[in-house]
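Notes for the one structure printed next.
The values are calculated or read from the model by the stated rules, or taken from the named source; none is laboratory data. Since the model is a prediction, treat every value here as computed from it, not as a measurement. Using ideal geometry, Cβ is built from the backbone for each residue, glycine included, and neighbour counts are taken over all protein chains shown.
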Amino acid sequence: MMAFRYLRARRQEGFISVITWFSLLGICLGVATLIIVMSVMNGFRQELLTRILGLNGHMSVYTSDGKMQDFDTVGARVQTLAGVVSVTPMIEGQVMVTARGVAQGAVVRAFRKADLEKRNIVVKNIIQGSLDDYGRDGGLVIGSRLAQKLGVSIGDKITLISPKGTVTAFGTVP
């Protein structure tokens, strides 16, 4: 009741009522815009986290010399920690990929087939083909953008060229 008294103006104060309504409309639009932007950003944040953590995970374990001798023992110990959902071995390295006279730099991540099949982010986003030939007879999975840049499709041959060198904590030393 008290608020309506100030929202409606008397005859001699008609312009003040217009200013009041414009102010109220501006506040409503501002709050609505803030709610919409926050909703979009929260959705984007969730999607980004899902995509990043879907492939990379929350934690990575490395050795100082770059070679883990007995992953299964280390993986079993990490798996016993509270909150650990899964442990997956992965070999990662930089390569140059060539096909049909086109060369492109890439990062290779090698997973065991059973571990890759557990990654929903990969399984649900396969555009062409399947994981049936993964790891058999040199079969591999590449992203759609890399395939497009190289001009390759399912069954085509590509060459991976790995730089030779010693892997250290600071990177590969020639």
### Task
Output the residues belonging to the stretch 1-42 that are of a type in the set (Phe, Trp, Tyr), surrounded by 10 or more Cβ atoms within 10 Å (Cβ to Cβ) and at pLDDT below 75.
Tyr6
### Query
Can Leu55 be described as part of a helix (DSSP H, G or I), in contact with a helix residue (DSSP H, G or I) (Cβ under 8 Å, 6 or more places away or on another chain) and either of a type in the set (Ser, Thr, Tyr) or closer than 24 Å to Glu117 by Cα (or both)?
yes
### Query
How many residues, within the stretch 142-170, are under 24 Å from Tyr62 (Cα atoms) and out of contact with any strand residue (DSSP E or B) (no Cβ under 9 Å at 6 or more places or on another chain)?
3
### Query
If you go through the stretch 58-76, how many residues are exposed (fewer than 11 other Cβ atoms within 10 Å of the Cβ) and assigned to a helix (DSSP H, G or I)?
2
### Message
Of the residues Ala76, Ala114, only one is within 25 Å of the chain's Cα centre (by Cα), closer than 28 Å to Thr50 by Cα and not assigned by TED's automatic domain parsing to the domain that holds Thr50; which?
### Response
Ala114
### Query
Checking Ile142 against (1) under 30 Å from Ala76 (Cα atoms); (2) not in a loop (DSSP other than H, G, I, E, B), which test does it fail?
(2)
#### Entry: Selected residue (criterion: surrounded by the fewest Cβ atoms within 10 Å (Cβ to Cβ)) from residues of the stretch 113-157 that are more than 18 Å from Val97 (Cβ to Cβ) and touching a residue at least 24 places away in the same chain (Cβ under 8 Å)
Asn120
### Message
Condition first: touching a residue at least 12 places away in the same chain (Cβ under 8 Å), farther than 20 Å from Thr168 by Cα and either exposed (fewer than 15 other Cβ atoms within 10 Å of the Cβ) or out of contact with any Gly (no Cβ under 6 Å at 6 or more places or on another chain) (or both). Now tell me which residues in the stretch 85-95 satisfy that.
### Response
Ser86, Thr88
### Message
Go through the stretch 96-112 and report how many residues are part of a strand (DSSP E or B) and without any contact (Cβ under 8 Å) to a residue 60 or more places away in the chain.
### Response
9
